Amino acid sequence: MEEIQKEESQKKVKVSVRNLTKIFGNRPQDALRLVEEGERKQDIFQKTQQIVSLRSISSDVYEGELFVLIGLSACGKSTLLRCINRLIEPTSGSIEIDGVDVTAMNEDELRQLRRTKIGMIFQNFALLPHRTILENVAFGLEIQDMPVEEREQKARGAIDLVGLSGYEESYPSGLSGGMQQRVGLARALASDADILLMDEAFSALDPMIRRDMQDELIELQARMNKTIIFVSHDLDEALKLGDRIGLMKDGIIAQLGTAEDLLQNPRCDYVERFVEGVNLSRVLVAKDVMKRPSPLLPPDSGPRNALRLMEEYGISSIFVAGGNRVFRGIVTVDGAVEAKRRDVPLKEVMVTDSPTVLLDTPAQELMPIMAGTAYPVAVLDSERKIKGIIVRGSLLAGLARLEVDV
């Protein structure tokens, strides 16, 4: 836990919310006093007929983070999202973006913020039916009075990013729901906004298209590294997308943390009930179940050394890694014996096409990989450096450990 806190302290805070309260009604100050006194939402409504949507929320969102707000209907998640760009005016508290207080901005400053720094994507695609896809994507840039040639160039780049090249002259009515949502995403990306606010963006899509859009968002985020605040009511979606998840209840964040935090260490009965029944293999990733990658064999090592290490460690195969631990392949005991018999280098018997996975590969994807190979599986980072290995025992032990902890 201390390591996690230290890592978070080194990240740059992009959005900072402090003591944010939102009350709907014509006498919000009456209810605000009761909020400050700690009265319950239901009691405040009975006394004042004012609805407390958010109460004294404080939280940070880090630069480059995909932060998911989740909860049941009327928990306040969409209200919180809309307060960030002041589509809804907070009753009290502050919201800072890059250290600047959004709640203190005048109309011109706020308009500029929305045009250049924040993009918003709604559940409703909100496309202009009489405009082409290119014109829809470029619409925000047109409002900024950007020259036609420049805005069309930016729009075409955004269209290409979301995989819709070739549809520039089509109209929204000719596109499927998933494609229309991609247009909405492209429109937000075209403005090159630092922050994307996504309110139930995929909820109106069919399940298969929805999964495709989730995968698309993950891939885009890996390339674009935006700061994304994503509202969802779907726990599976939150667990798949979120670097961190804020689980809301009655206008507060009941628990904030990673998917594994919420599943392993629920802080209250509400969180525990909310996450019960989750398929844990969808939450664990390769780095959670891997073993230390030792020993590793240098590429220029001989078969006798390979056999010695296998005997010493009680293993029947060994991974080969070059400089900086870059993965090269795997040598089995049978291969090492053959290399020794034939007096040939290990590269003659090294298996170079054994399965490998990335650190964030979900455990549910590991199972069929493990079932289809006779070798341990190497866990690599983005530079193909070996970080760990997975054998059937370590995968099953990881799942069993999480089951017990939960």
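For segment 68-77, name all the residues that are crowded, with 22+ Cβ neighbours inside 10 Å and either of a type in the set (A, V, I, L, M) or over 16 Å from Ala31 (Cβ atoms) (or both).
Of segment 68-77, the ones crowded, with 22+ Cβ neighbours inside 10 Å are 68-71, 75-77.
Scanning segment 68-77 gives Val68, Leu69, Ile70, Gly71, Cys75, Lys77.
Every residue, every condition in (1) closer than 30 Å to Gly93 by Cα; (2) among the polar types (S, T, N, Q), yes or no:
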site	(1), (2)
Thr258	yes, yes
Gln264	no, yes
Val289	no, no
Pro295	no, no
Arg308	no, no
Val326	no, no
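Could you please tell me which pairs satisfy a Cβ distance under 9 Å, a separation of 6+ or placement on different chains, a first residue in segment 170-183 that is within 9 Å of Ile133 (Cα to Cα), and a second residue that is among the charged types (D, E, K, R) and modelled with pLDDT of 90 or more?
Sorted first by the residue in segment 170-183, then by its partner, the pairs are Tyr171/Arg131; Pro172/Arg131.
Pull out all pairs, ordered by first then second residue, where Cβ-Cβ is under 8 Å, the residues are six or more apart or on different chains, the first lies in segment 286-312 and is farther than 12 Å from Met350 by Cα and in contact (Cβ under 8 Å) with a residue 40 or more places away in the chain, and the second is of a type in the set (D, E, K, R) and part of a loop (DSSP other than H, G, I, E, B).
Filtered contacts from segment 286-312: Ala286/Asp360; Lys287/Asp360.
Of everything in segment 187-246 that's farther than 23 Å from Gly257 by Cβ and of a type in the set (S, T, N, Q), which residue is surrounded by the fewest Cβ atoms within 10 Å (Cβ to Cβ)?
Among them, the one singled out is Ser203.
What residue, of Leu185, Leu128, Leu134, is under 29 Å from the mean Cα position of the chain (by Cα) and farther than 28 Å from Ser59 by Cβ?
When all the criteria are applied, what remains is Leu134.
If Met105 passes every condition in (1) farther than 30 Å from Leu205 by Cα; (2) surrounded by fewer than 16 Cβ atoms within 10 Å (Cβ to Cβ); (3) free of Cβ contacts under 8 Å to residues at least 60 places away in the same chain but one, which one does it miss?
Of everything listed in (1) farther than 30 Å from Leu205 by Cα; (2) surrounded by fewer than 16 Cβ atoms within 10 Å (Cβ to Cβ); (3) free of Cβ contacts under 8 Å to residues at least 60 places away in the same chain, Met105 misses just condition (2).
Let me spell it out: the conditions are (1) over 29 Å from Glu135 (Cβ atoms); (2) out of contact with any Asp or Glu (no Cβ under 6 Å at 6 or more places or on another chain), and Leu164 meets all of them except one. Which number is the exception?
Going through the list (1) over 29 Å from Glu135 (Cβ atoms); (2) out of contact with any Asp or Glu (no Cβ under 6 Å at 6 or more places or on another chain), Leu164 breaks only (1).
Please state which of the following conditions Leu247 fails to meet, knowing it meets all the rest: (1) farther than 24 Å from Thr79 by Cα; (2) at pLDDT 95 or above.
Condition (1) is where Leu247 drops out.
Of the conditions (1) surrounded by 16 or more Cβ atoms within 10 Å (Cβ to Cβ); (2) touching a strand residue (DSSP E or B) at 6+ places or on another chain (Cβ under 7 Å), Ala336 satisfies every one except a single condition; which number is it?
Condition not satisfied by Ala336: (2).
Closer than 18 Å to Leu197 by Cα, assigned by TED's automatic domain parsing to the domain that holds Leu262 and not charged (D, E, K, R), is that true of Leu72?
no
In segment 113-147, what residues are assigned to a loop (DSSP other than H, G, I, E, B) and hydroxyl-bearing (Ser, Thr, Tyr)? Quick ask: steps written out before the conclusion?
Quick first cut of segment 113-147, residues assigned to a loop (DSSP other than H, G, I, E, B) only: 117, 122-132, 138, 144-147.
Correct list: Thr132 only.
Out of Gly166, Gly174, Gly184, which single residue is crowded, with 19+ Cβ neighbours inside 10 Å, under 30 Å from Pro147 (Cβ atoms) and not assigned by TED's automatic domain parsing to the domain that holds Val13?
One residue alone meets the criteria, Gly184.
List pairs: first in segment 141-156 and of a type in the set (D, E, K, R), second at pLDDT 90 or above and part of a loop (DSSP other than H, G, I, E, B), Cβ under 9 Å, 6+ apart or cross-chain?
Pairs that qualify, where the first residue is of a type in the set (D, E, K, R) and the partner is at pLDDT 90 or above and part of a loop (DSSP other than H, G, I, E, B), are Arg151/Ala138; Glu152/Ala138; Glu152/Glu168; Lys154/Ala138; Arg156/Ala138; Arg156/Ser165; Arg156/Glu168.
Provide a single number: the residues in segment 151-176 that are over 22 Å from the mean Cα position of the chain (by Cα) and in a loop (DSSP other than H, G, I, E, B).
The total comes to 10.
Conditions first: (1) of a type in the set (Ser, Thr, Tyr); (2) modelled with pLDDT under 90; (3) crowded, with 17+ Cβ neighbours inside 10 Å. Tyr313 passes all but one, so which condition is the exception?
Unmet condition: (3).
Sort out which residues of segment 300-326 are within 14 Å of Lys385 (Cβ to Cβ) and not hydrophobic (A, V, I, L, M, F, W, C), and write them in order of number.
Gly322, Gly323, Asn324, Arg325
For every residue, the table says whether it meets (1) more than 21 Å from the chain's Cα centre (by Cα); (2) small (Gly, Ala, Ser); (3) under 25 Å from Val271 (Cβ atoms).
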site: Ser56; (1), (2), (3): yes, yes, yes
site: Ile70; (1), (2), (3): no, no, yes
site: Cys75; (1), (2), (3): yes, no, yes
site: Ile88; (1), (2), (3): yes, no, no
site: Thr91; (1), (2), (3): yes, no, no
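From the list Met198, Met179, which one is under 22 Å from the mean Cα position of the chain (by Cα) and in the same structural domain as Leu217 (by TED's automatic domain parsing)? Spell out how you get there, then give the answer.
Working: Met179 fails: in the same structural domain as Leu217 (by TED's automatic domain parsing).
The match here is Met198.
Of all residues in segment 95-140, how many are out of contact with any strand residue (DSSP E or B) (no Cβ under 6 Å at 6 or more places or on another chain), under 19 Å from Gly64 (Cα atoms), at pLDDT 90 or above and of a type in the set (Val, Ile, Thr)?
Here the count works out to 1.
The values are calculated or read from the model by the stated rules, or taken from the named source; none is laboratory data. Not measured: the values here are computed from a predicted model. Because the Cβ atoms are built from the backbone with ideal geometry, glycine has one as well, and the counts that use them run over all protein chains shown.
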